[in-house]
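Shown next, in structure tokens, is the structure this report addresses.
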Amino acid sequence: NAGVTQTPKFRVLKTGQSMTLLCAQDMNHEYMYWYRQDPGMGLRLIHYSVGEGTTAKGEVPDGYNVSRLKKQNFLLGLESAAPSQTSVYFCASRRTAMTSGNTIYFGEGSWLTVV
Amino acid sequence: DAKTTQPNSMESNEEEPVHLPCNHSTISGTDYIHWYRQLPSQGPEYVIHGLTSNVNNRMASLAIAEDRKSSTLILHRATLRDAAVYYCILRDDRPGTASKLTFGTGTRLQVTL
């Protein structure tokens with residue numbers, strides 16, 4: 001089972017460059033999330049999606065854009081990378097069923113350094 | 001989102017039980033208590049969740065106070081592979097919330113031989 005797959009795993013960017021992180025899930029999940037984690041901190045929500053074609057802002061959305069054109073994919077874009085965006089990025093997904101507490105599955109992370 | 005308070009770090013000897021506490025005094029009636037853990041250089045993984053009653057699964061047990069203002073994650077026999085950061089999270093599963101997880105800084109568990 002692939003679960004939640006993130007690409008790339010590691011990337012170094014120069015300030016001002018753009019890039020896209022791809023998240024793919026093979027579990028037919030409706031909800032998808034992008035988080036970032038800075039050293040010694042917990043994860044913070046950037047953007048999320050409750051279904052194909054929908055996106056919403058999370059706690060720290062500035063400097064990022066997202067798209068959910070296909071149900072299985074959730075893309076996170078950095079239009080003009082800044083050193084403050086150096087972080088580890090995690091994608092996650094879950095089913096939409098109203099069953100309480102159904103699990104959120106996380107990818108293994110993408111390490112991004114902006115110099 | 002309701003907040004949780006956890007100790008920054010705890011230590012345990014291998015094969016001994018570990019009790020990881022979490023305070024959530026502002027919990028609302030619709031909040032579920034979730035525990036996730038994050039192994040080094042990995043994404044978080046689900047451990048256990050509950051609402052009011054104590055819960056057991058193959059990984060751990062969750063003990064919830066009667067007033068729900070605190071909970072304790074119990075690892076019955078800690079192993080070196082349990083060394084991780086453990087997050088106690090309150091999750092609102094009501095319609096329209098997207099069931100977002102709000103992470104604190106968690107408890108870093110160290111397990112020694």
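Coordinate-derived values only; no laboratory data. The structure presented is a predicted model; accordingly, all values stated were derived computationally and were not measured. Cβ placement follows ideal geometry from the backbone for every residue including glycine, while neighbour counts extend to all protein chains displayed.
Which whole number gives the average count of other chain Cβ atoms within 10 Å of the Cβ atoms across peptide A:46-54?
1
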Checklist outcome for this item: For the stretch A:1-106, Rg(Cα) over 2.2 N^0.38 Å is 1.04
Checklist entry - So, with +1 on the Cβ of K and R and -1 on the Cβ of D and E, and no other charges, what is the size of the charge dipole of chain A about its Cα centre, to the nearest 20 debye? => result 100
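Listed here are the pairs A:K14/A:K71; A:K9/B:K100; A:K9/B:K3; A:K9/A:K70; A:K71/B:K3; which of them are more than 28 Å apart at the Cα? It would help to have the intermediate numbers written out before the result.
Numbers: A:K14/A:K71 31 Å; A:K9/B:K100 24 Å; A:K9/B:K3 31 Å; A:K9/A:K70 21 Å; A:K71/B:K3 31 Å.
Exceeds cut-off: A:K14/A:K71; A:K9/B:K3; A:K71/B:K3.
Could you work out how much longer the chain between B:N13 and B:T97 gets when fully extended? Use 0.36 nm per residue separation minus the Cα distance between them, nm to one decimal. Let's see the in-between values first.
On the way: separation 84, 0.36 × 84 = 30.24 nm, distance 3.96 nm.
Using 0.36 nm per residue and subtracting the Cα-Cα distance, I get 26.3 nm.
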Checklist entry - Across the stretch A:76-88, in residue order, what do the Karplus-derived ³J(HN,Hα) couplings come to in whole Hz, using 6.51 cos²θ - 1.76 cosθ + 1.60 with θ = phi - 60° and x for Gly and Pro? => result 10, x, 10, 6, 9, 4, 10, x, 5, 8, 5, 5, 9
Checklist outcome for this item: Check: C-alpha center the stretch B:1-80 vs C-alpha center the stretch A:47-115, spacing in Å is 25
